[in-house]
Amino acid sequence: MNLSRSTSLTILTALVGCSTIQDDVKQDRTKVTASCERQVNVSAAKFKEHAMSYMGVSKEQLPGTLCNRLADGVASGLINQSDINQLIATGQLTAKFRFLKR
């Protein structure tokens, strides 16, 4: 599935800092997810519709669910900095991101 490059960059930039994403999530998950949620809230309507459909969540659930699932994926080792960088670069949700659908 395609995400627009700017949308994925906007959302995932909230999860990427100077340290690795794994470090950021371990050190202050609440701060990381809150920043991600703010970015999701200001994302384009087209992206929100796509993500809601992909994940099976409502508009109200989207920011918290998406950001928490991404953080869970990082914390559990399902995705890493390289995966995030690849998603930002391509805008493609690969099989690695299927955990977002649970």
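Structure notes:
- Residue selected from the stretch 36-75 under the condition of a type in the set (Gly, Ala, Ser) and under 13 Å from ILE21 (Cα atoms), by the criterion surrounded by the fewest Cβ atoms within 10 Å (Cβ to Cβ): ALA75
- Close pairs (9 angstrom Cβ cut-off, 6 or more residues apart or separate chains): in contact (Cβ under 8 Å) with a residue 24 or more places away in the chain in the stretch 54-76, part of a loop (DSSP other than H, G, I, E, B) and among the basic types (Lys, Arg) anywhere: MET55/ARG102; GLY56/ARG102; ARG69/ARG102
Since every read-out is calculated from the coordinates, none of them should be taken as a lab result. Computed from a predicted structure; not experimentally measured. A quick note on method: Cβ atoms are made from the backbone with ideal geometry, for glycine too, and the neighbour counts reach across all protein chains shown.
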